[in-house]
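Engineer: Take a look at this one; I'll ask things after.
The values are calculated or read from the model by the stated rules, or taken from the named source; none is laboratory data. None of the values given here were measured: they were computed from a predicted structure. Because the Cβ atoms are built from the backbone with ideal geometry, glycine has one as well, and the counts that use them run over all protein chains shown. Side chains included, ligands, DNA and RNA excluded: accessible areas come from the protein's heavy atoms. Shrake-Rupley method; radii C 1.70, N 1.55, O 1.52, S 1.80 Å.
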Amino acid sequence: MELSWHLYLMAGIYILAGLNHFRNPRMYVKIIPDYLPAPKLLNVLSGFAEILFGILLCIPSLSCSGAWGIIALLIAVFPANLYMLTHKKAGFGLPKWLLIARLPLQLLLIFWAYLYT
C-alpha cells in the first residue's frame, strides 16, 4: 500500500509534537488536570506515544496500528483540552473562543487518523 503525503504530514506533526514534550515539558505538565497523578510521567508517556504512533504511521504494514494509537491518544488527552478551557492558569492566556474551538478540532483530528485505519 502506498502511503499518501497526507499520512506523512500527520506523522510529522505527531512526531514533532511528541519531541516537544521533551523539549518543553513544563508547557504540557501545566495542562494536565490536577486530578491525574504523576503529571511529569504522563507528559513523558504521552510524548513517547506521539513519537511512536507517528513513526508507525510511516510503516505501511503498521500504519493502521499507528492510526488507532493516535485515535486512542487523542481521546486520552481530551481532558487536558477541557482543563485548559476551565482553568485559567492552564489556558496560556489564550482567548476563550480559541480554547472552545480546540474541542471540536480533536474530533477532526480523530477523523483524520480514522481515514488510515
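Engineer: Give the Rg (one decimal place) followed by the Dmax (whole number) of region 1-67, computed from C-alpha coordinates and expressed in Å.
Structural biologist: Taking only Cα atoms of region 1-67, I get Rg and Dmax of 13.5, 43 Å.
Engineer: Using the heavy atoms of the protein chains alone and a 1.4 angstrom probe, what is the accessible area of the chain per residue in square angstrom?
Structural biologist: Ligands and nucleic acids excluded, the figure is 61 Å² per residue.
Engineer: Next question. Mind checking which lysines have their C-alpha under 24 Å from LYS96, skipping anything on the same chain fewer than 8 residues away?
Structural biologist: LYS30, LYS88
Engineer: From the alpha carbon gyration tensor of the chain, can you work out the equivalent ellipsoid semi-axes (sqrt of 5 times each eigenvalue) and give them in Å, largest to smallest?
Structural biologist: Values for the chain, descending: 26, 16, 11 Å.
Engineer: Taking amide H positions as placed in the peptide plane 1.01 Å from N, state which residues far from HIS87 in sequence (5 or more) or on other chains have amide H under 5 Å from it.
Structural biologist: Placed amide hydrogens put nothing under 5 Å from HIS87.
Engineer: With a sphere of radius 14 Å drawn around the Cβ of ASN24, what net charge do the other residues whose Cβ falls strictly inside it have (Lys, Arg +1; Asp, Glu -1)?
Structural biologist: +3
Engineer: Post the alpha-carbon centroid distance, region 38-81 to region 92-117, in whole angstrom.
Structural biologist: Using only Cα atoms, the two centres lie 15 Å from each other.
Engineer: Now for a different question. Please give the peptides 74-82, 93-101, 20-28, 46-54 ranked by average Cβ packing (other Cβ atoms within 10 Å per residue), highest first, as a rough proxy for protection. Numbers along the way, then the final one.
Structural biologist: Details: 74-82: 15.7, 93-101: 11.0, 20-28: 13.9, 46-54: 19.8.
Ranked by mean Cβ neighbours within 10 Å, highest first: 46-54, 74-82, 20-28, 93-101.
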